[in-house]
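The values are calculated or read from the model by the stated rules, or taken from the named source; none is laboratory data. Since this is a predicted model, take the numbers as computed values, not measurements. Reconstructed Cβ throughout: ideal geometry from the backbone, glycine too, with neighbour counts over all protein chains shown.
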Amino acid sequence: MTRTTIDFGIDLGTTNSAIAVLRGTVTDIVKNNEDQDITPSAVYLDKRGQSQTGVRAKNRLLDEKAEDDVYVEFKRRMGTAHEYRFKCAGRMMKPEDLSAEILKELRGNVQQRLGEDLQSAVITVPAAFEQKQCAASKLAAEQAGLLQCPLVQEPVAAALAYGFQAELTKAYWLIYDFGGGTFDAAVMKAEDGIITVVNHGGDNYLGGSDIDWAIMEQIVLPELQCNYNLPDLSRDNKKWRTALARIKWAVEVAKIQLSRREAVYLEDCRIKDADGEEIELDFKLTRDVLIRVAEPIIVRSIDICSRVLKEKSLSPAAIERVILVGGPTLANYFRDILSSRLGIPLDFSVDPMTVVARGAAVFAGTQRREGASVPNATAGQYQIDLKYKPVGADEDPTIRGTVSSASEDSVAGFTIEFVNEHTHWRSGKISLKENGGFKTNLLAEKGCKNTFAIKLLDGTGRSQAIVPDNLSYTIGLAISEQPIIHSIAVALANNETEVFFKKGEPLPAKAKRIMRSSHAVKKGSGEHILNVPVVEGEVELADRNRLVGKLIISGTQVRRDVPAGSEVEVTLHMDASRILTAKAYIPILDEEFEAKIDPNTASPDPINMQREYEAEIERLEGLRETADQAEDGKATEALDEVDGGNTIEAIESLLRTAGADPDAAHMAEKQLLDIKIRLDRAENALRWPALVAEAIQKLEELDKLNDEHGTPESKLKADSLRVQVEEIIEQKRAEPLRRKIEQAMDASRQILFEQDGFWLGFFNHLQEIREALNDQVTADRLINQGSQFIERGNIQGLRNVVGQLLSLVPQEEAEAIQRGYQSGLLK
Ligand code: ADP
Ligand code: MG
């Protein structure tokens, strides 16, 4: 019987992956060749380019000769331009290529265990995954030969694994997923048979591997340096790669053993010292030490949980349970820390290592197979196109559909009937409409997957072949549309953002905005480009959000010049799997430009980051001084947040490692952005009184101009501006206030522009700087002309001349477009 729903769910994990299948209402894990539930996400290539995955690949990490032939944790680099160099095979592979290898392995397991050719599966991604990472995950699935692969967020999957057949009451859960390399916290609500993500937070760079590295850097490496001949052994020294891999391996094994034991020795850990002598490391690790090192890392995750709850004004008491996901949550000490600090009952009754794959399979049961993965009717057969939800709270779900003939025969007089194979309930014969359409209700039984056979009879009552010939429906918790994780906006040239989708809106989503180009694009010039930068985040300043990608329109692509100020219609579309497409339509060209937001943007540049970091530290010191002088408690607090803890140390260590380790580079990028935002906050707090004073002053200037030269409209405008400014001052919002100051200045300028004296003054100023103007011959001619207009009292003529002279002022364009990720757009 052909499957009508996807039914298979894959947890494509940073450290481990797993695949599960839904059978009725229970999920089974499809075991791998080693008879294990989980497969390490590791890929090895031999010299013929043949790949090995899973445990056998992971074991190669310990083989000095294979150190450039095996890679792990590549999920952390999904969506970056990083390429892995496989030395023996002489091949470069991207993170998604490696993920594709894991998916192929899992497909193979299905073939072997179930004899089925896996063509579609649901794949999970962390809730903290951004655009580029989702797009890369899709690409991996395509490469592995999966024809259909909806993505679902890991916390959603976990909740489904727990809640699928639960009693349908209203409850909040916190999904706590601490994996090998990523952390996710999600608050879920189950109500009236529907699960929704109420809020979530996470960190793409927080997981069990950070605990391993912390043990290494704080405990093991310093001591090894003392006791052995290993002078420059450190994380950022490439020379020690194999040695570090071996020590980390042993440390991880020890950490896992410490979940059950009080103390252990590093197991079987041999490395070569500085003289090339093989040494066996003798090192004892105790649980107390492990807890001391791990606790601050666990606390980081708990802080995220608290924030996620606080953002929705939920107290811990409102949360029914915390569902544990991920290997590290198997340890008792880990659970103790969580339980005492969170104060919410923990639930780990579904294995934390496979719960995500199981939930993904549950979700897969709600996804109908479509497109290329669905068999097509051949000549003489009939095709049925069904519209219904395969899982829902209804006992008598509505189902619609259309029947068509593969040979385009008429379906006049045909009837269709649905038969529940388990209960033998029948829908009765339903007559098809002329176009083959029909609508009816089914009757399903609780607690099992209901399969309905589909029977098609022609006008004479003869049975006809129909594809597919069955459908399935289960009464259970369905999941509402998946929300948008971070707001998506287009950056503007003035570093503001134009928000297209807000965090929490349902997917898929589409929005169109009409904007203007901030500068001209010359036909044929590769130097003239119009950038449409798409950013992800909730911060008002565009460059404080993450750049997701850019739609770039170059002068070489346009048929004629696009002057500054031309209309640009920007459309963003995000599909259900969070893949983003950007389009820009330029009416004066009647042309549309499109970009799939490319997952392969480059890794952050360590040198640039170092420079930015130093600038931020300087800013921090300056602000600290001002804050001390001003005795501003709020600003001092904000600065302490940056300075306090080990943020500075952490980022410095990351920057040192960034050149050699792209993971560290990405973490540094994230933390740098974080520091910038915090400093902005402190700066805003400090500059607030000055900013308010400036706003008031600009409004007064505007009033004065209005008194002298204003029109009723300009006075009305000033009044409304004043009301807005007062409101913003009340709300203490620095960025909008800055914008209002600009607007007040613009309004003043506008009044001035109407005054003859202004143009005279402007002309005189341009005359003074005539030497600096671009084209001296034209400048001389225009200045002559201007002087004549003044003599004749032709102010309109003078205005024209000033306008033309202005275009000769050397443009500090470079400076003007530095911010807002070089955006070429304005509102
Ligand atoms: P991912 O979701 O990133 O694939 P997993 O959920 O498979 O990660 O967790 C992998 C992490 O769990 C590793 O850091 C591993 O060391 C850790 N881990 C696995 N088992 C245990 C255990 N029993 N005690 C502590 N940590 C464990
Ligand atoms: Mg996981």
Checklist line | Candidate set: the range 17-37, residues that are under 22 Å from SER120 (Cβ atoms) and within 16 Å of ligand 1 (Cβ to nearest atom); chosen: the one surrounded by the most Cβ atoms within 10 Å (Cβ to Cβ) | finding: ILE19
Item checked: Selection from the range 621-660 of residues that are of a type outside the set (Val, Ile, Thr), touching an Asp or Glu at 6+ places or on another chain (Cβ under 7 Å) and surrounded by 17 or more Cβ atoms within 10 Å (Cβ to Cβ) -> LEU623, ARG656
Item checked: Options SER234, SER209; residue that is over 23 Å from ASN332 (Cα atoms) and either under 33 Å from the mean Cα position of the chain (by Cα) or among the acidic types (Asp, Glu) (or both) -> SER234
Check: What about LEU160, is it within 16 Å of ligand 2 (Cβ to nearest atom), over 26 Å from GLU34 (Cβ atoms) and in contact with a Leu (Cβ under 8 Å, 6 or more places away or on another chain)?
Finding: yes
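Please report, ordered by residue number, the strands (runs of 3 or more DSSP E) entirely within the range 263-368 with at least 1 residues that are more than 14 Å from ligand 1 (Cβ to nearest atom) and among the aromatic types (Phe, Trp, Tyr).
Once the strands (runs of 3 or more DSSP E) in the range 263-368 are filtered for at least 1 residues that are more than 14 Å from ligand 1 (Cβ to nearest atom) and among the aromatic types (Phe, Trp, Tyr), what remains is 263-265.
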Item checked: Residue list for the range 448-479, filter: modelled with pLDDT of 90 or more and among the aromatic types (Phe, Trp, Tyr) -> PHE452
Notebook entry, point to check: Within the set of pairs 6+ apart or on separate chains, which have a first residue in the range 309-320 that is crowded, with 16+ Cβ neighbours inside 10 Å, a second that is part of a loop (DSSP other than H, G, I, E, B), and C-beta atoms under 6 Å apart?
Noted result: ILE319/ILE344
Notebook entry, point to check: Out of all the residues in the range 225-239, is one or more over 29 Å from ALA66 (Cα atoms), more than 16 Å from ligand 2 (Cβ to nearest atom), in contact with a Lys or Arg (Cβ under 9 Å, 6 or more places away or on another chain) and not hydroxyl-bearing (Ser, Thr, Tyr)?
Noted result: no
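From the list ALA57, ALA66, which residue is out of contact with any Cys (no Cβ under 6 Å at 6 or more places or on another chain) and buried (at least 23 other Cβ atoms within 10 Å of the Cβ)? Before the answer, list the steps.
Values: ALA66 fails: buried (at least 23 other Cβ atoms within 10 Å of the Cβ).
Exactly one residue qualifies, and that residue is ALA57.
Out of VAL289, VAL355, VAL299, VAL350, which single residue is buried (at least 20 other Cβ atoms within 10 Å of the Cβ) and at negative phi?
Values: VAL289 fails: buried (at least 20 other Cβ atoms within 10 Å of the Cβ); VAL299 fails: buried (at least 20 other Cβ atoms within 10 Å of the Cβ); VAL350 fails: buried (at least 20 other Cβ atoms within 10 Å of the Cβ).
The match here is VAL355.
Do the conditions hold for ILE123, that is, is it at pLDDT 95 or above and not in a helix (DSSP H, G or I)? Steps first, please.
Numbers: at pLDDT 95 or above: yes; not in a helix (DSSP H, G or I): yes.
For ILE123, the condition - at pLDDT 95 or above and not in a helix (DSSP H, G or I) - is met.
A quick yes/no check of all residues on (1) under 27 Å from the mean Cα position of the chain (by Cα); (2) among the charged types (D, E, K, R); (3) within 16 Å of ligand 1 (Cβ to nearest atom):
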| residue | (1), (2), (3) |
| --- | --- |
| LYS65 | no, yes, no |
| PHE74 | yes, no, yes |
| TYR84 | yes, no, no |
| SER99 | yes, no, yes |
| GLN119 | yes, no, no |
| ALA128 | yes, no, yes |
| GLN131 | yes, no, no |
| GLU142 | yes, yes, no |
| LEU146 | yes, no, no |
Next item on the list: Provide a single number: the residues in the range 716-749 that are more than 16 Å from GLU694 (Cα to Cα) and surrounded by 15 or more Cβ atoms within 10 Å (Cβ to Cβ).
Entry: 1
Next item on the list: For the range 127-135, indicate whether the set of residues that are crowded, with 21+ Cβ neighbours inside 10 Å, assigned to a helix (DSSP H, G or I) and among the aliphatic types (A, V, I, L, M) is non-empty.
Entry: yes
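Restrict the check to the range 189-206 and report whether at least one residue is within 15 Å of ligand 1 (Cβ to nearest atom), among the polar types (S, T, N, Q), in a loop (DSSP other than H, G, I, E, B) and crowded, with 22+ Cβ neighbours inside 10 Å. Break it down stepwise before answering.
Filtering the range 189-206 down to residues within 15 Å of ligand 1 (Cβ to nearest atom) leaves 202-206.
Applying the additional criterion that residues be among the polar types (S, T, N, Q) yields 204.
Filter once more, so that each one left must be in a loop (DSSP other than H, G, I, E, B): 204.
Now drop any that are not crowded, with 22+ Cβ neighbours inside 10 Å, which leaves 204.
Yes, the range 189-206 has at least one match.
Yes/no per residue for (1) surrounded by 14 or more Cβ atoms within 10 Å (Cβ to Cβ); (2) among the aliphatic types (A, V, I, L, M); (3) assigned to a loop (DSSP other than H, G, I, E, B):
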residue	(1), (2), (3)
ASP396	no, no, yes
SER404	yes, no, no
VAL411	yes, yes, yes
PHE418	yes, no, no
GLU445	yes, no, yes
ALA453	yes, yes, no
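State whether the residues of the range 173-184 include one that is more than 12 Å from ligand 2 (Cβ to nearest atom), farther than 28 Å from SER259 by Cα and either modelled with pLDDT under 85 or in contact with a strand residue (DSSP E or B) (Cβ under 9 Å, 6 or more places away or on another chain) (or both).
Here is the first cut: in the range 173-184, the ones more than 12 Å from ligand 2 (Cβ to nearest atom) are 173-174.
Imposing the further condition that a residue be farther than 28 Å from SER259 by Cα reduces the set to none.
No - not one qualifying residue is present in the range 173-184.
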